Amino acid sequence: MRLIALERPMPGVAGEAFTAELLREEALRAWDLYQSGAIRELYFRADRAEAVLVLEAQDVAAARGILSELPLVRARLIDFELVPLVPYPGFGRLFAGR
């Protein structure tokens, strides 16, 4: 299953909590998850400093488990909203009755 994960900052977290060491650990773990295929795509929003990930996982619970491996999630500095995706069914209308 493919999912979109939208980063959500945790309320009350100060910017100083995002240390250089923790951000490096985050990037390393994201790289590992990308190499494994769990993270398919990784972006930052253009309008604010929040990540958008495209994940491949068995289900929402498995995706939540993948995200729990990220150091910023473990440190409770960020969380993610998960949006499960299904294939677009609209093309079937183009070929109905053919």
Which pairs do you get when a residue that is closer than 27 Å to A49 by Cα, found in the stretch 73-97, comes within reach of a residue that is β-branched (V, I, T) and in a helix (DSSP H, G or I), reach meaning Cβ atoms under 8 angstrom, with the pair 6+ apart or on two chains?
D79/V73; F80/V73; L82/V60; P84/V60
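Quick check: is even one residue across the stretch 9-21 closer than 15 Å to E81 by Cα and among the small types (G, A, S)? Step through it out loud before you land on a result.
Of the residues in the stretch 9-21, the ones closer than 15 Å to E81 by Cα are 9-11.
Among the residues that remain, those that are also among the small types (G, A, S) are: none.
Within the stretch 9-21, none of the residues are closer than 15 Å to E81 by Cα and among the small types (G, A, S).
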If a residue has to be closer than 15 Å to I66 by Cβ and in contact with a strand residue (DSSP E or B) (Cβ under 6 Å, 6 or more places away or on another chain) to count, how many in the stretch 3-29 make the cut?
5
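Say whether the condition of being of a type in the set (D, E, K, R), buried (at least 16 other Cβ atoms within 10 Å of the Cβ) and either touching a Phe, Trp or Tyr at 6+ places or on another chain (Cβ under 8 Å) or not in a loop (DSSP other than H, G, I, E, B) (or both) is met by at least one residue in the stretch 32-55. Before the answer, list the steps.
Here is the first cut: in the stretch 32-55, the residues of a type in the set (D, E, K, R) are 32, 40-41, 45, 47-48, 50.
Restricting the remaining residues to those that are buried (at least 16 other Cβ atoms within 10 Å of the Cβ) gives none.
So far as the stretch 32-55 goes, no, none of its residues is of a type in the set (D, E, K, R), buried (at least 16 other Cβ atoms within 10 Å of the Cβ) and either touching a Phe, Trp or Tyr at 6+ places or on another chain (Cβ under 8 Å) or not in a loop (DSSP other than H, G, I, E, B) (or both).
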Of all the residues that make up the stretch 56-98, how many are farther than 16 Å from I4 by Cβ, assigned to a loop (DSSP other than H, G, I, E, B) and under 12 Å from the mean Cα position of the chain (by Cα)?
2
Single unsatisfied condition, G12 versus (1) modelled with pLDDT of 95 or more; (2) outside any helix (DSSP H, G or I)
(1)
Return yes or no: is A5 assigned to a helix (DSSP H, G or I), hydrophobic (A, V, I, L, M, F, W, C), surrounded by 15 or more Cβ atoms within 10 Å (Cβ to Cβ) and at pLDDT 95 or above?
no
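Yes or no: the stretch 57-70 includes at least one residue that is crowded, with 16+ Cβ neighbours inside 10 Å, in contact (Cβ under 8 Å) with a residue 40 or more places away in the chain and over 26 Å from V13 (Cα atoms). Show your work before the answer.
Looking only at the stretch 57-70, we keep the residues that are crowded, with 16+ Cβ neighbours inside 10 Å, and these are 57, 63-64, 66-67, 70.
Now restrict to residues that are in contact (Cβ under 8 Å) with a residue 40 or more places away in the chain: 57, 63, 67, 70.
Pick out the ones that are also over 26 Å from V13 (Cα atoms) and you get 57.
There is at least one residue in the stretch 57-70 that is crowded, with 16+ Cβ neighbours inside 10 Å, in contact (Cβ under 8 Å) with a residue 40 or more places away in the chain and over 26 Å from V13 (Cα atoms).
The values are calculated or read from the model by the stated rules, or taken from the named source; none is laboratory data. None of these values were measured; they are calculated from a predicted model. As a convention, Cβ positions derive from the backbone with ideal geometry for all residues, glycine included, and neighbour counts pool all protein chains shown.
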